[in-house]
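A.B. asks: First the structure, then my questions, so here it is.
The values are calculated or read from the model by the stated rules, or taken from the named source; none is laboratory data. Keep in mind that this is a model prediction, so the values were computed, not measured. As a convention, Cβ positions derive from the backbone with ideal geometry for all residues, glycine included, and neighbour counts pool all protein chains shown.
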């Protein structure tokens with residue numbers, strides 16, 4: 001869709017705070033000619049983004065978005081609140097997209113990419129939901145509206161919306177379990193990204209050997225897998241009848257005891273307490289887990305409430321890399337067990353640093369979406385990038401961190417932290433949420449070289465000659481290619497980098513994007529730079545081994 005004057009909101013955030021829309025519904029009802037254009041200018045990017053996320057093709061998404069605005073305009077006479085304007089258009093867009101999705105099932109396409117197949121499966125499951133339930137779920141998971149706001153949009157009470165969300169998530173989870181019987185690990189229902197999360201798994205560990213369980217619960221241990229944070233993650237699924245907790249305070253207690261089988265290593269006991277929705281019926285499903293280093297382990301799990309234990313399960317696991325790369329760095333020692341990090345922006349426990357002078361590290365974190373058709377970074381890609389940053393922050397030889405998080409397409413510095421002992425992940429997450437990084441002034445959109453100038457200025461200031469306290473600079477980000485390349489002479493004129501530069505370029509599909517991106521091409525101006533394409537955890541392991549070796553050689557040199 002064509003660019004339009006004004007500030008274009010590309011974030012997909014909620015409608016709150018849009019003071020200039022305070023009288024838009026009234027203007028539409030009064031037949032103001034500029035009202036409809038004002039509405040399209042404000043929300044065309046969001047409606048287009050919804051259609052693109054479902055259909056996956058820019059041409060179809062553009063066509064659907066245009067049609068949705070036209071159809072919504074015909075119904076605007078009955079709109080009484082400003083929030084209903086976007087909700088009506090969003091509903092028309094979703095319904096029209098799933099009409100096209102249903103038609104696709106009768107026209108199979110050969111040689112579809114893995115991403116397209118994942119989207120097809122997710123759309124298939126979503127299409128089986130009732131129309132209103134699907135709309136509520138997408139408003140919550142795709143647009144990020146809380147249940148209270150959705151209840152206002154749909155003229156329902158908040159309790160009814162919570163029931164719909166709980167029911168639809170359970171239905172999706174059941175459908176995913178049916179569709180993924182042949183997969184090696186349980187697919188996790190995390191909003192609308194459950195299928196994509198499975199694609200990040202690589203360098204899996206040895207299969208968990210048979211388990212025993214007792215009681216009415218179903219416990220399914222899955223294969224441990226190596227993550228981009230260079231530690232093994234073990235997960236298990238639990239399905240528990242809700243009737244077991246009819247007379248409790250709504251709390252579900254889970255206790256996991258993990259015992260390494262090697263030597264005299266001590267067992268670690270992890271406890272969980274989960275709140276059970278009072279409207280829950282049937283069976284409850286939960287996926288949980290923990291992190292561990294290489295080794296063989298015995299796991300004992302018990303589920304119950306304050307009255308006692310109702311169910312138990314026992315199994316063994318073995319974790320070891322299977323990629324044939326010996327001696328690669330991992331962030332957990334053999335036979336070590338720790339709590340898992342729940343979210344990408346949860347803070348890290350303290351790390352035991354090496355004795356002596358710790359290395360100073362600068363990290364440039366690009367949080368820009370890879371595609372120009374996307375307004376914000378995919379949450380799955382965000383999670384992978386944060387895992388890569390964690391793998392750097394957990395290295396014992398690194399003890400001082402400067403973090404510069406930026407949005408290349410949004411052309412802004414999102415967050416900066418200078419010379420700290422630990423990275424403040426929580427502050428980074430908060431800054432990313434409130435930065436408004438999806439809003440780009442129209443004057444910037446008109447300047448086709450503004451992105452390139454922003455990237456050039458950033459690299460000159462952060463990489464070029466001058467006072468630097470860093471012993472190494474890491475650049476972490478997805479593969480982002482701008483329309484114009486950064487002139488190498490401009491970067492060289494700023495001076496040589498005083499320390500090594502390591503570019504960890506996350507590339508989910510290396511076959512579709514085998515070439516260098518904008519930053520990768522610009523780094524040719526610096527002789528001390530090295531770049532790696534990171535598509536799987538094994539790539540991260542190999543990159544970390546090489547760059548740590550180069551850093552140790554540099555620090556050992558007189």
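A.B. asks: Can we say residue 68 is at pLDDT below 80 and under 20 Å from residue 131 (Cα atoms)?
C.D. replies: Taking the combined requirement at face value, the residue does not satisfy it.
A.B. asks: Could you list all residues from segment 433-463 that are assigned to a loop (DSSP other than H, G, I, E, B) and either modelled with pLDDT under 75 or within 26 Å of the chain's Cα centre (by Cα) (or both)? Steps first, please.
C.D. replies: Going residue by residue through segment 433-463, those that are assigned to a loop (DSSP other than H, G, I, E, B) are 435-438, 441, 447-449.
Matches in segment 433-463: 435, 436, 437, 438, 441, 447, 448.
A.B. asks: Does any residue of segment 415-428 turn out to be closer than 27 Å to residue 60 by Cα and surrounded by fewer than 20 Cβ atoms within 10 Å (Cβ to Cβ)?
C.D. replies: Within segment 415-428, the subset closer than 27 Å to residue 60 by Cα is none.
No, there is no match, as no residue in segment 415-428 is closer than 27 Å to residue 60 by Cα and surrounded by fewer than 20 Cβ atoms within 10 Å (Cβ to Cβ).
A.B. asks: Output the number of the condition that residue 139 fails; it satisfies all remaining conditions of (1) part of a helix (DSSP H, G or I); (2) at pLDDT below 75.
C.D. replies: (2)
To keep it simple, each residue is scored yes or no on (1) buried (at least 21 other Cβ atoms within 10 Å of the Cβ); (2) assigned by TED's automatic domain parsing to the domain that holds residue 460; (3) assigned to a strand (DSSP E or B); (4) touching a residue at least 24 places away in the same chain (Cβ under 8 Å).
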position: 483; (1), (2), (3), (4): no, yes, no, yes
position: 486; (1), (2), (3), (4): yes, yes, no, yes
position: 496; (1), (2), (3), (4): no, yes, no, yes
position: 503; (1), (2), (3), (4): yes, yes, yes, yes
position: 508; (1), (2), (3), (4): yes, yes, no, yes
position: 516; (1), (2), (3), (4): no, yes, no, no
position: 521; (1), (2), (3), (4): no, yes, no, yes
position: 524; (1), (2), (3), (4): no, yes, no, yes
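A.B. asks: In segment 236-261, what residues are modelled with pLDDT under 80 and over 15 Å from residue 221 (Cα atoms)?
C.D. replies: 241, 242, 243, 244, 245, 246, 247, 248, 249, 250, 251, 252
A.B. asks: Mind checking which residues of segment 526-545 are modelled with pLDDT of 90 or more, outside any loop (DSSP other than H, G, I, E, B) and farther than 15 Å from residue 331 by Cβ?
C.D. replies: If the condition is that a residue be modelled with pLDDT of 90 or more, outside any loop (DSSP other than H, G, I, E, B) and farther than 15 Å from residue 331 by Cβ, then 529, 530, 531, 532, 533, 534 are the ones that fit.
A.B. asks: Filter segment 405-425 down to the residues that are modelled with pLDDT of 90 or more and under 19 Å from the mean Cα position of the chain (by Cα) and list them by number.
C.D. replies: 405, 406, 407, 414, 415, 423, 424, 425
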